[in-house]
Amino acid sequence: MIRWLFASLHLLGLGVGLGAVWARARALREPLDAAGLRRVFYADSWWGVAAALWIGTGLVRLIGGLEKGMDYYLRNHVFWGKMTLLLAVLLLELSPMVTLVRWRIQARRGEMPDTRRAGRFASISYVQAALVLLMVLAAVVMARGIGTAPRG
Ligand code: HEM
């Protein structure tokens, strides 16, 4: 039961995450009045939830031995490809994450944030969406035994 529960939550992260980062990209291209900013913050919050869901359930599946055992994945090139893609997504997230936290604080104070970098954050979000799709391909390949280095 635990096994399929974590597998389901891991996949749920995909539905939530892909939808959220896409919605964030679109909202950042719209006029950023108070309502527009609320749409950005809403999508961004769900993107954060998806990241926590993915990484949390992924690590449990990896370290908790719920699937093929940690050794299998650590010897699987595609798994490391997937983790490299994840690192790229996280590194790309640093600047929008810090800035959107600052925008939230300003908006809560009733101030209008400087949104000149919204276009760049929209582009970053679209690139992250593409990287997530690549991660799905890597995950599916990895789960089916491709990429495993022979022992010893
Ligand atoms: C720290 C981060 C992550 C770890 C450690 C991790 C680990 C895992 C593990 C152990 C599996 C089970 C594979 C199997 O059935 O043998 C898996 C499956 C999967 N992961 Fe992740 N994952 C992580 C993040 C992600 C992210 C961000 C995505 C988003 C695209 C993702 C997408 C998937 C998918 C789609 C599967 C199902 C593959 C299948 O059964 O065909 N994972 N992951």
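Is one or more of the residues making up region 62-78 in a helix (DSSP H, G or I) and of a type in the set (S, T, N, Q)?
For region 62-78, residues in a helix (DSSP H, G or I) and of a type in the set (S, T, N, Q): absent.
Using beta carbons and a limit of 7 Å, which pairs, at least six apart or on different chains, have the first residue in region 67-88 and over 18 Å from V136 (Cβ atoms) and the second one polar (S, T, N, Q)?
Note: pairs meeting the criteria are Y72/T148; R75/T148.
Every residue, every condition in (1) open to solvent by less than 50 Å² (accessible area, probe 1.4 Å); (2) touching a His at 6+ places or on another chain (Cβ under 8 Å); (3) among the hydrophobic types (A, V, I, L, M, F, W, C); (4) not in a helix (DSSP H, G or I), yes or no:
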position: G13; (1), (2), (3), (4): yes, no, no, no
position: R24; (1), (2), (3), (4): yes, no, no, no
position: V40; (1), (2), (3), (4): yes, no, yes, no
position: A43; (1), (2), (3), (4): yes, no, yes, no
position: T57; (1), (2), (3), (4): yes, yes, no, no
position: V60; (1), (2), (3), (4): no, no, yes, no
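Let's see how each residue does on (1) open to solvent by less than 70 Å² (accessible area, probe 1.4 Å); (2) more than 10 Å from the ligand (Cβ to nearest atom); (3) free of Cβ contacts under 8 Å to residues at least 40 places away in the same chain:
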| residue | (1), (2), (3) |
| --- | --- |
| V101 | no, yes, yes |
| R104 | yes, yes, no |
| A107 | yes, yes, no |
| P113 | yes, yes, no |
| G119 | yes, yes, no |
| V136 | yes, no, no |
| M142 | yes, no, no |
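The values are calculated or read from the model by the stated rules, or taken from the named source; none is laboratory data. Small disclaimer: the values here were computed from a predicted structure and weren't measured. Note: ideal-geometry Cβ built from the backbone for every residue, glycine included; neighbour counts use all protein chains shown. Accessible surface is based on the protein model in full, side chains and every heavy atom, while ligands, DNA and RNA are left aside. Shrake-Rupley method; radii C 1.70, N 1.55, O 1.52, S 1.80 Å.
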